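S.K.: One structure, as structure tokens, below. Some questions next.
The values are calculated or read from the model by the stated rules, or taken from the named source; none is laboratory data. Worth saying up front: this structure is predicted, and the values here are computed from it rather than measured. Note: areas computed on protein heavy atoms with side chains; ligands, DNA, RNA excluded. Shrake-Rupley method; radii C 1.70, N 1.55, O 1.52, S 1.80 Å.
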Amino acid sequence: MNGRVVENPDQWIDFDRDRILFDGKPLESRDRVYILLYKPTGYITTFKDPEGRPVVYDLLDGVDTFVSPVGRLDLDTSGLLILTNDTRFAERLTNPDYKVAKTYLVKCADLVSDDAIERLRKGVELSDGMTRPALVRRVRDSGKYSHLEIRITEGRNRQVRRMIEAIGSKVLKLVRTAIGPIEIGGLKIGAWRPLTEAEVRALGGNPPKSAAWSHANPLGRD
Ligand code: URA
């Protein structure tokens, strides 16, 4: 790396600035690829499942670059999942310091009181500490169930489910409807599309210049 031998596998490399030779040959960065997938329930956010259950990669037909999921959605959660090979972009989306909002629609197992909604807004105590203030609104009550929209800027393990349990209810259905300003729009369940250059920018990323862009992003499928 820049003329020095590096043996640390965690060495951070900046392909824009560092000169990398491997076995004497220059290494080049791959095109950066940014995928938006509408994950259905029943798919695991992992590369391979030891039990052979469906994984999100089964849905990425036509994506010929290895991309990693940015954060994860539970098996029983559906909604937006970004996958990319841009590690800096991924870090920005998952690091709570950047406060990228994730929005969820939640169907609760009962009717949730205004007081409980206020508690969710202010922050509730979970086993790993208080949650940050959240935007929470009642979308509607239908019969015995409340439907809430919850917007959080953290992404702890099973966070929304645990928040709802902290107010004495349970999640019956959970959908991630937006990541920052990116919404599901017309994307069909199980389908993916490339993020546009503007969307990558809106999420704080720095997409490559356009010539590479169309090449890096084959047409999305639905
Ligand atoms: N919160 C959860 O509880 N589950 C998810 O999949 C995402 C957020």
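S.K.: Quick check on the range 56-172: what are the equivalent-ellipsoid semi-axes from the Cα gyration tensor, as sqrt(5λ), descending, whole Å?
M.R.: Output for the range 56-172: semi-axes of 29, 17, 11 Å.
S.K.: Counting only heavy atoms of protein chains, what accessible area per residue, in Å², does the range 76-222 have with a probe of 1.4 Å?
M.R.: Dividing the accessible area of the range 76-222 by its residue count gives 52 Å².
S.K.: Let me ask another. Want the number for LYS170 to ALA109: 0.36 nm per residue separation, take away the alpha-carbon distance, what's left?
M.R.: Extending this stretch completely gives an extra 21.4 nm.
S.K.: Right, another one. Considering the convex hull of the alpha carbon atoms of the range 1-66, report its projected area averaged over all viewing directions, in nm², one decimal.
M.R.: It is 6.9 nm².
S.K.: What is the Cα radius of gyration of the range 167-207 over 2.2 N^0.38 Å, N being its residue count?
M.R.: 1.56
S.K.: Any idea how many Lys pairs in the chain come in under 12 angstrom at the alpha carbon, given 8 or more places apart or on separate chains?
M.R.: Lysine pairs meeting the criterion: 4.
S.K.: Counting only DSSP beta bridges with both residues in the chain, what percent are antiparallel, rounded to the nearest 5?
M.R.: Once the DSSP bridges in the chain are tallied, antiparallel ones form about 90 percent.
S.K.: How many angstrom separate the Cα center of the range 1-73 from the Cα center of the range 149-187?
M.R.: Result: 26 Å between the Cα centres.
S.K.: Stretch PHE22-VAL5 to full length: gain in nm at 0.36 nm per residue minus the Cα-Cα span?
M.R.: Stretched out fully, the PHE22 to VAL5 stretch lengthens by 5.2 nm.
S.K.: Let me ask something additional. Expressed as a whole percentage, what fraction of the accessible surface of the range 101-179 belongs to carbon and sulfur atoms when a 1.4 Å probe is rolled over the protein heavy atoms?
M.R.: 49 percent
S.K.: Using only Cα atoms, what Kirkwood radius does the chain have, in angstroms?
M.R.: Radius from the Kirkwood sum: 19.2 Å.
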